[in-house]
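Working notes, beginning with the structure itself.
The values are calculated or read from the model by the stated rules, or taken from the named source; none is laboratory data. Remember, it's a predicted structure, so these values are computed and weren't measured experimentally. Ideal geometry is used to build each Cβ from the backbone, glycine not excepted, and the neighbour counts take in all protein chains shown. With ligands, DNA and RNA removed, areas are computed over all heavy atoms of the protein, side chains included. Shrake-Rupley method; radii C 1.70, N 1.55, O 1.52, S 1.80 Å.
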Amino acid sequence: MPFFVRRFFSFLFLLLPLAGAAQAPYPAKAVKIIVPANPGGGLDLIGRTVADQLGRALGQSFYIENSAGGGGSIAAMATARAEPDGYTLMVGYVGTHATNPAVRKLNYDALKDFTPIAMVGGTPNLLVVHPSVPVSDLKGFIDYAKKNPAKLNYGTGGIGLLNHLALEQFRAAAGLEAVYAHYRGIAPALGDVVKGQINVLMPGLAAALPHIRAGRMKPLAITGLKRHPLQPDVPTFEELGFAGFDAVQWYGIVGPAKLPAEITRKLSAEINKALASPALQQRLANEAIDPMPMTPDQFGEFIRSEIARYRKLAQERNISLDD
């Protein structure tokens, strides 16, 4: 056999493993889901729940990488820069893909730099205080806060996140002064409320619920147009005379831009199939998360509308974090 023919067949032989790898069905290796927060809290819960469901459905390992800081921008940038091969996903949520883009300049574009895959669900926010604050309802809190502004410290899970904007919206509506402590995620902020180092927070119900049930913080009012079944004694801001407090702390799964359509459809289908399961619905309901299934296109339009919604709110309230 001529030398060049032998070299040609040797070259083909070397390519065979690569061809086999290219044809391997997705996912052929472990998949990383970046959670833009520390362990604990609603974001981490969603990430681990989705990882568990996808791992069982697709027979491959889906693991969590927690990446807090920058109001989620660190995790968002890592995801946007990742290879669009389906092996790096992210829990995109109202902070990274709605409020932050609406109130500050970012190093990523929430619409252009990501592929929407699936919406998972949402939970309302609620105003909570440390048990040492001598109030039992929202009116009492407002009266106390006006008389004792120096005795209260307000916390947020990060500048520009929904829990920050919602608290700022309430502070402006109630005419209160506030000194903020901005944390790298809601979990450490909740921890400092429990310790009494901050007195006031407006977290998502999913993250706050275990602490409320344990009596480590007092809920005073909740967002939404109706009371939540897990906290039926907590009135809405609306019924207490504060209109426009219907924000939802929502969570979904996104990937880098240009994610192959086949992979996007496969992940979306499995997540939505899981959300249709009564067992998972009950599990999420127990954690104060209402399922919000959407197609990738619907999720993309939802993100676009949420950015417009919070941009309008920020303009009306003169909130800009770049000033």
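Points to keep in mind about this one:
- The share of accessible area on the chain that comes from carbon and sulfur is 54 percent, using a 1.4 angstrom probe.
- Remark: accessible surface ordering of Y63, Y144 (largest first) is Y63, Y144, probe radius 1.4 Å.
- For the pair A279 and S305, a Förster radius of 35 Å applied to the C-beta separation gives a FRET efficiency near 0.70, rounded to the nearest 0.05.
- Ordering A187, I34, M119 by the projection of their Cα atoms onto the charge dipole of the chain, which places +1 on the Cβ of Lys and Arg and -1 on the Cβ of Asp and Glu, puts I34 at the extreme positive end.
- Relative to the longest principal axis of the Cα atoms of the chain, helix 186-195 runs at roughly 40 degrees.
- Hits among lysines - C-alpha to C-alpha of K32 under 30 Å, sequence gap 8 or more where chains match: K105, K112, K258, K266, K273
- Between the helical axis of 162-174 and the longest alpha-carbon principal axis of the chain there is an angle of about 20 degrees.
- Candidate residues D233, D44, D52: accessible-area rank, largest first, probe 1.4 Å: D233, D52, D44
- Each label point was placed 7 Å from the Cα along the Cα-to-Cβ direction; for A257 and D297 their separation is 2.1 nm.
- Counting only Cα atoms, the chain measures 96, 45, 34 Å along its principal axes, largest extent leading.
- Available extension along the chain between Y63 and A172 is 35.2 nm, counting 0.36 nm per residue and deducting the alpha carbon span.
- Selection from I159, A51, S277 lying farthest towards where the dipole of the chain points positive, charges on Cβ: A51
- Global form of the range 226-323, assessed from the alpha-carbon gyration tensor, a/c cut-off 1.5: oblate
- Net charge over other residues, Cβ less than 13 angstrom from the Cβ of P260 (K, R count +1; D, E count -1): 0
- Solvent-accessible surface of the chain, taken per residue with a 1.4 Å probe and all protein chains present: 46 Å².
- Straight-distance crosslink candidates among aspartates and glutamates, where the alpha carbon sits under 19 Å from K147 and sequence neighbours closer than 8 are dropped: D137, E168, E177
- Mean residue ellipticity, 222 nm, helices only, the chain: the sum of -39500 (n - 2.57) across DSSP H runs of n ≥ 4, divided by residue count and rounded to 500, is -13500 deg cm²/dmol.
- If R0 is 22 Å, the Cβ-Cβ spacing of K29 and E83 corresponds to a FRET efficiency of close to 0.95.
- Normalised by the number of residues in the chain, the average gap of Cα pairs under 8 Å and 6 or more apart makes the relative contact order 26 percent.
- Hits among lysines - C-alpha to C-alpha of K151 under 24 Å, sequence gap 8 or more where chains match: K139, K195, K218
- Full extension of the chain between D233 and N318 gives 27.3 nm of extra length, using 0.36 nm per residue less the Cα-Cα distance.
- Nearest-20 debye value, the chain charge dipole, Cβ charges on Lys, Arg, Asp, Glu: 520 debye
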